[in-house]
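Notes follow once the structure below has been shown.
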Amino acid sequence: MQNSRSKPCSCPSLKLREVASMYLTMVVAFLVILVVALQGSVPRQSDFPYKVPLDPQGLLELSWNVSYPEQAVYFQLLIRDLQFGLLFGMSDRGEFENADLAVLWSDGHNSYFGDAWSDAKGQLHMDSQQDYQLLGARKAPEGLYLLFRRAFSTCDPKDYLIEDGTVHLIYGILEKPVHSLQAINISALQGGLQRVQLLKPNISIPELPRDMKTMEITAPDVVIPSQETTYWCYMAELPEGFPKHHIIMYEPVVTAGNEALVHHMEVFQCAAEFDSFPHYNGPCDSKMKPDRLNYCRHVLAAWAMGAQAFYYPEEAGLAFGGPGSSRYLRLEIHYHNPLVFKGRRDSSGIRLYYTATLRPYDAGIMELGLVYTPVMAIPPGEDSFILTGYCTDKCTQLALPAAGIRIFASQLHTHLAGRKVVTVLSREGRERQVVNADRHYSPHFQEIRMLKEVVAVFPGDELITTCTYNTEDRSRATVGGFGILEEMCVNYVHYYPQTQLELCKSAVDPGYLHRYFNLVNRFNDEEVCMCPQVSVPQQFYSIPWNTFNRDVLKSLYDFAPISMHCNKSSAVRFPGEWEKQPLPSITERLQEPSPRCPPAPGPQPAAPVPLKLGQLRR
């Protein structure tokens with residue numbers, strides 16, 4: 001049998017001159033394509049539907065689009081005040097060390113673009129695999145446009161894996177010419193970070209009804225305080241006798257020129273148990289703020305920088321107005337003003353779209369995760385301590401309708417030590433589906449996110465929410481609670497049809513925690529005070545946090561029975577026995593998805609792409 005590799009070629013022979021001609025034609029065609037790409041017109045605005053300012057002055061504006069078929073993100077970066085280049089990239093928590101970077105730099109005459117990475121000391125290196133693919137560069141009256149592409153996963157160990165959830169984008173401006181990539185001093189750069197959700201869900205926009213109306217809940221021409229961080233509260237109210245409506249959509253209203261200062265906004269509805277709420281317009285942490293405003297916690301809308309309009313599914317809407325619904329709303333705006341601008345006026349807020357033609361289902365909001373209690377604690381000095389909250393099969397069996405519910409959106413929440421939040425749906429002991437996951441979670445970037453696909457939850461299912469915390473900068477235990485230095489682990493899921501179940505959360509059984517304190521006393525020289533009058537936080541604060549005490553606490557949370565809170569909206573538990581409940585038994589876990597590597601394009605030299613941008617300013 002003849003070897004196929006040695007089979008003679010039946011192709012017609014080509015003369016050397018013909019081969020050379022074909023080669024030159026291909027080279028010319030490639031150069032034409034390259035010139036068009038690098039000097040072509042800026043794509044239409046609709047090609048990049050997502051936009052966010054990177055810096056507080058708005059000199060760097062990032063727009064992007066997501067191609068799920070290609071598993072890639074297309075970026076358009078507008079540099080309004082080009083000096084000698086910039087760094088743009090991604091890192092785990094927004095650090096400039098161990099970062100994945102696209103770099104534009106100039107020696108004052110020639111400009112270059114390349115894919116680079118920084119090591120643990122912040123030194124830049126050209127990446128051997130050039131995965132930031134430059135598609136175009138063009139000067140325009142408003143500045144320089146850079147267009148480039150990046151695959152979600154490159155299987156390059158030096159590259160950042162772009163996945164669902166928060167992405168920490170970093171930028172640095174080069175103010176002086178540099179003669180090489182290695183000459184860039186990261187510590188001397190004027191830079192910063194911006195958090196976004198890069199991988200927006202590709203969902204269809206529902207048709208909106210003809211009788212739709214709008215209502216703007218906006219700040220009344222506020223003077224933004226000249227300090228880095230301000231939470232501003234403003235009370236609004238619905239008209240007298242406002243009947244029941246469905247909110248079907250909402251979007252941000254941001255005052256022109258303040259796009260880089262308005263970090264996030266939320267509209268809360270107040271508790272219906274109070275007939276009235278005082279008017280207020282001022283900082284949320286002011287001593288002048290009436291205490292009653294703390295009873296305005298029911299989220300109607302939430303927006304964060306980079307988010308687009310939020311749509312409810314066409315079969316459901318969020319009810320507001322009518323009997324049993326408060327007329328009073330609280331707008332909360334987070335202003336981020338690191339350059340301490342003075343005198344900026346702002347009338348930002350949220351525009352609600354609503355209809356009197358009620359949809360088939362009322363949407364509801366349910367709290368999953370951990371109860372706000374100090375029995376759940378994190379030792380100091382931990383880089384990744386895990387706490388888990390359960391919504392058990394017993395609760396969903398009792399509280400959910402036979403046809404189940406449909407979760408379409410989710411808002412994850414922790415306080416300052418939170419680093420990762422994941423909620424998983426389990427059925428009959430087998431993990432079936434991730435409801436929502438943010439592996440680069442930041443407490444400084446919380447928004448209601450539409451899910452890529454609706455999650456069906458049936459009676460007997462379990463919803464398990466796991467939070468990972470970092471307390472390396474703390475010297476004493478962090479306990480659960482409402483304070484900003486205490487911790488939470490919550491997933492507010494948005495679903496339909498609305499049920500009586502408003503809270504499905506857990507905490508470790510207090511009796512087993514008491515046994516833990518007893519055990520710590522027996523095996524440690526220092527005594528943990530267990531007097532009846534001493535609070536649980538004080539007992540945690542007095543523990544000497546050696547390896548034994550840490551490991552036993554982790555084991556306690558992994559195996560001890562739980563106290564279940566299967567609560568109605570009235571804060572009353574559903575009938576049943578909820579104390580000392582066994583932890584759900586999980587026999588099969590979801591496999592971590594393997595990164596999908598793009599097809600290898602062939603060997604690419606680890607060299608920058610030269611750009612003809614002319615002489616940059618000195």
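The values are calculated or read from the model by the stated rules, or taken from the named source; none is laboratory data. Keep in mind the model is a prediction, meaning the values are calculated, not measured. Positions of Cβ are backbone-derived with ideal geometry, glycine not excepted, and every protein chain shown enters the neighbour counts. What goes into the accessible areas is simple: the full protein's heavy atoms, side chains included, and nothing from ligands, DNA or RNA. Shrake-Rupley method; radii C 1.70, N 1.55, O 1.52, S 1.80 Å.
Odds and ends about this structure:
- LEU193 vs. criteria within 30 Å of ALA437 (Cα to Cα) and outside any strand (DSSP E or B): no
- For first residues located in the range 565-583 and more than 15 Å from CYS391 (Cα to Cα), partners that are part of a loop (DSSP other than H, G, I, E, B) and lie 6+ apart or on another chain with Cβ distances below 8 Å form the pairs SER569/GLN500.
- Contact map, the range 253-264: first residue under 10 Å from MET305 (Cβ atoms), second residue open to solvent by 40 Å² or more (accessible area, probe 1.4 Å), Cβ cut-off under 6 Å, separation 6 or more or different chains; pairs are VAL262/VAL254; HIS263/HIS336.
- When the range 491-507 is limited to residues that are buried (at least 24 other Cβ atoms within 10 Å of the Cβ) and of a type in the set (A, V, I, L, M, F, W, C), the one that is farthest from GLU462 (Cα to Cα) turns out to be VAL493.
- When residues in the range 540-572 are screened for being over 30 Å from GLY324 (Cβ atoms) and either touching a strand residue (DSSP E or B) at 6+ places or on another chain (Cβ under 9 Å) or buried (at least 16 other Cβ atoms within 10 Å of the Cβ) (or both), 15 of them pass.
- Filter result for ILE248 (of a type in the set (Val, Ile, Thr), open to solvent by less than 70 Å² (accessible area, probe 1.4 Å) and either touching a Phe, Trp or Tyr at 6+ places or on another chain (Cβ under 8 Å) or at positive phi (or both)): yes
- Hits in the range 314-331 - residues which are among the basic types (Lys, Arg) and either crowded, with 24+ Cβ neighbours inside 10 Å or within 26 Å of the chain's Cα centre (by Cα) (or both): ARG330
- For CYS529, the stated conditions do not hold, so it cannot be described as open to solvent by less than 80 Å² (accessible area, probe 1.4 Å), more than 30 Å from GLY85 (Cα to Cα), of a type in the set (A, V, I, L, M, F, W, C) and modelled with pLDDT of 95 or more.
- Any hit, the range 304-318, residues being closer than 21 Å to ALA571 by Cα, among the aliphatic types (A, V, I, L, M) and not assigned by the TED database to the domain that holds HIS494: yes
- Test: residue in the range 345-356 that is at pLDDT below 95, surrounded by fewer than 19 Cβ atoms within 10 Å (Cβ to Cβ), outside the structural domain of PHE482 (by the TED database) and small (Gly, Ala, Ser): no
- Options THR471, THR466: the member that is open to solvent by less than 20 Å² (accessible area, probe 1.4 Å) and farther than 17 Å from GLY364 by Cα: THR471
- Failed criterion for GLU70 (all others in (1) in contact with a Gly (Cβ under 9 Å, 6 or more places away or on another chain); (2) charged (D, E, K, R); (3) surrounded by fewer than 20 Cβ atoms within 10 Å (Cβ to Cβ) hold): (1)
- Test: TYR280 is of a type outside the set (S, T, N, Q), over 27 Å from the mean Cα position of the chain (by Cα) and surrounded by 22 or more Cβ atoms within 10 Å (Cβ to Cβ): no
- Count of residues meeting criterion [over 17 Å from ALA571 (Cα atoms) and hydrophobic (A, V, I, L, M, F, W, C)] in the range 261-298: 9
Yes/no per residue for (1) more than 26 Å from the chain's Cα centre (by Cα); (2) closer than 14 Å to THR478 by Cβ; (3) at pLDDT 95 or above:
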position: LEU368; (1), (2), (3): no, no, yes
position: VAL371; (1), (2), (3): no, no, yes
position: VAL375; (1), (2), (3): yes, yes, yes
position: GLU382; (1), (2), (3): no, yes, yes
position: PHE385; (1), (2), (3): no, yes, yes
position: PRO401; (1), (2), (3): yes, no, yes
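- Residue check, GLU273 open to solvent by 30 Å² or more (accessible area, probe 1.4 Å), assigned by the TED database to the domain that holds ASP346 and touching a residue at least 60 places away in the same chain (Cβ under 8 Å): no
- Some residue of the range 27-41 being in a helix (DSSP H, G or I) and at pLDDT 60 or above: no
- Of the candidates VAL520, VAL454, the single residue that is touching a helix residue (DSSP H, G or I) at 6+ places or on another chain (Cβ under 8 Å) and assigned by the TED database to the domain that holds VAL421 is VAL520.
- Subset of the range 144-160 [open to solvent by 20 Å² or more (accessible area, probe 1.4 Å), hydrophobic (A, V, I, L, M, F, W, C) and within 19 Å of GLN76 (Cα to Cα)]: LEU147
- Candidates in the range 46-57 are the residues that are touching a Gly at 6+ places or on another chain (Cβ under 8 Å) and either free of Cβ contacts under 8 Å to residues at least 24 places away in the same chain or of a type outside the set (Asp, Glu) (or both); of these, the one that is most open to solvent (accessible area, probe 1.4 Å) is LYS51.
- Screening the range 387-459 for strands (runs of 3 or more DSSP E) wholly inside it with 1 or more residues that are open to solvent by 50 Å² or more (accessible area, probe 1.4 Å) and out of contact with any strand residue (DSSP E or B) (no Cβ under 8 Å at 6 or more places or on another chain) returns the ranges 449-457.
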